[in-house]
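*Asks:* I am attaching a structure below and will ask some questions about it afterwards.
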Amino acid sequence: MKTLIVSLKSSGEVLNDFKNAFKKINVHRKNPHFEISFDSKKDFIKFVNNIDILSMILKFKPKSVYELSKLCNKDASNLNKIINFFCDFEIIKIKKQKIAGREVNTPIVEYDNIQFNLAA
């Protein structure tokens, strides 16, 4: 099970966390740690407001962004902007594949669990 930890931190705290993570890699720690630290309250709020899209992808496993837009009852172009936001943070990955002769973008979420660390 992959867990994504989401937090809101200053850029200095993020840099310190990176240094600590790099040191742990050198010690060959086997517990993978996936964390996203937002230093912008705006981005953090955007993440939280659109977390339902991640749930829809996990639950229904749509074959395309268009199919996801129908499930979420959202406009496909607006949904693409949200998906690109998630892709920028590597929360969603896009797999290009052909379905019925058409190339489609399939959204994939690799995390089963999301934890929030608000004590940062």
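What follows is calculated from the coordinates using simple rules that are stated; it is not laboratory data. Everything numeric in this text was worked out from a predicted model, so none of it was measured. Positions of Cβ are backbone-derived with ideal geometry, glycine not excepted, and every protein chain shown enters the neighbour counts.
*Asks:* At 0.36 nm per residue, and after removing the present C-alpha to C-alpha distance, how many nm does the segment from Lys98 to Lys42 gain when stretched out fully?
*Replies:* So the chain would gain 16.6 nm between Lys98 and Lys42.
*Asks:* So, R0 is 25 Å and r is the distance between the beta-carbons of Asn113 and Ala76; what FRET efficiency does that work out to, to 0.05? Before the final figure, lay out each step's value.
*Replies:* Values: r = 28 Å, r/R0 = 1.12.
Efficiency, rounded to the nearest 0.05: 0.35.
*Asks:* To the nearest 0.05, how large is the calculated FRET efficiency for Cys87 and Glu13 if R₀ is 25 Å and r is the Cβ-Cβ distance? Intermediate results must be reported in sequence, preceding the final value.
*Replies:* Numbers: r = 24 Å, r/R0 = 0.97.
The computed FRET efficiency comes out at 0.55.
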